[in-house]
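Structure record follows, encoded as structure tokens.
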Amino acid sequence: MNEYRIQDQQGLHFVTLTIVGWIDLFTRKVYRDLLLESLQFCREHKGLHVYAYVVMSNHAHLIVRAGAPGSLSSVLRDLKKFTAVKFLEAIQQEDESRKEWLLYLFAYFARKHARNSKYQVWAHSNAPVELRSPDFVNQKLQYIHFNPVKAGYVQQPEAYLYSSASNYVLGEGIFEVTLLEPGLREGWVRRL
């Protein structure tokens, strides 16, 4: 059994989406916004439920699950495929000072894997962890929200714009999430 495969496709999971080589792509707003726009599309059209997120400089952590009859693996695959295309388009069309360097690195990582074409933007693994207990859910929720604090970006989790911490603390954020109720045994999802 592969520990990095999603066994329960409708289960609640903590996943990490990482840019190849830990390249700091998300230091630019345009790429962070493209990721959130794509997550929104997946929510609206692919049944993805997003409960928590943080977008750091070279990776994003999410707590998500797929709505029935969707497959979380396929939604994440499609999300990464679509955003990779959009990132590459933006790199080539925007005033990106790192254009040649980024394209060189994405081409370099693509050559390392036979299943890639010209460029590889995302690392293949999502490092999924199924969240089966309220304590584990709360641990991952705290990990996500304190990531920017630990990195020294902000002093309080809710001050980081590209995180769901403000949704949980202030009741609003730049991206709407479904709030988790870590203390509940069945579903851990606040009933609205």
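The values are calculated or read from the model by the stated rules, or taken from the named source; none is laboratory data. Fair warning: this is a prediction, and the values are worked out from it, not measured in the lab. Neighbour counts run over all protein chains shown; Cβ positions are idealised from the backbone, glycine included.
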Of the residues 72, 102, which is of a type in the set (A, V, I, L, M, F, W, C) and in contact with a helix residue (DSSP H, G or I) (Cβ under 9 Å, 6 or more places away or on another chain)?
102
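Kindly indicate which of 66, 60, 52 is of a type outside the set (Asp, Glu), surrounded by 19 or more Cβ atoms within 10 Å (Cβ to Cβ) and in contact with a Phe, Trp or Tyr (Cβ under 7 Å, 6 or more places away or on another chain).
60
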Which one of the conditions (1) out of contact with any His (no Cβ under 7 Å at 6 or more places or on another chain); (2) outside any loop (DSSP other than H, G, I, E, B); (3) not basic (Lys, Arg) does residue 57 fail to meet, given that it meets all the rest?
(2)
Residue list for segment 1-31, restricted to those being surrounded by 20 or more Cβ atoms within 10 Å (Cβ to Cβ) and of a type outside the set (Val, Ile, Thr)
12, 13, 14, 17, 25, 26, 31
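To keep it simple, each residue is scored yes or no on (1) modelled with pLDDT of 95 or more; (2) out of contact with any His (no Cβ under 9 Å at 6 or more places or on another chain); (3) not basic (Lys, Arg).
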site: 5; (1), (2), (3): no, yes, no
site: 13; (1), (2), (3): no, yes, yes
site: 28; (1), (2), (3): yes, yes, no
site: 82; (1), (2), (3): yes, yes, yes
site: 90; (1), (2), (3): yes, yes, yes
site: 99; (1), (2), (3): yes, yes, no
Going by what's in this entry, would residue 107 be described as over 15 Å from residue 34 (Cβ atoms), aliphatic (A, V, I, L, M) and assigned to a helix (DSSP H, G or I)?
yes
Residue check for residue 53: of a type in the set (Phe, Trp, Tyr) and at pLDDT 95 or above:
yes
Those residues that are under 30 Å from residue 107 (Cα atoms) and modelled with pLDDT under 95, I need them from segment 124-158; list them, please.
124, 125, 126, 127, 128, 129
Consider residue 22 against the criteria (1) within 30 Å of residue 97 (Cβ to Cβ); (2) in contact with a strand residue (DSSP E or B) (Cβ under 7 Å, 6 or more places away or on another chain): it satisfies all of them except one. Which criterion is unmet?
(2)
Cβ contacts < 8 Å: first residue over 16 Å from residue 8 (Cα atoms) and outside any helix (DSSP H, G or I), restricted to segment 72-83; second residue among the hydroxyl-bearing types (Ser, Thr, Tyr) and modelled with pLDDT of 95 or more, any location; separation 6+ or different chain. Result?
none
When residue 95 is evaluated against the numbered criteria (1) farther than 13 Å from residue 52 by Cα; (2) within 21 Å of the chain's Cα centre (by Cα); (3) assigned to a loop (DSSP other than H, G, I, E, B), which criterion, by number, is the only one it fails?
(2)
Whichever residue in segment 131-154 is under 29 Å from residue 8 (Cβ atoms) and not in a helix (DSSP H, G or I) and, among such residues, is nearest to the chain's Cα centre (by Cα)
131
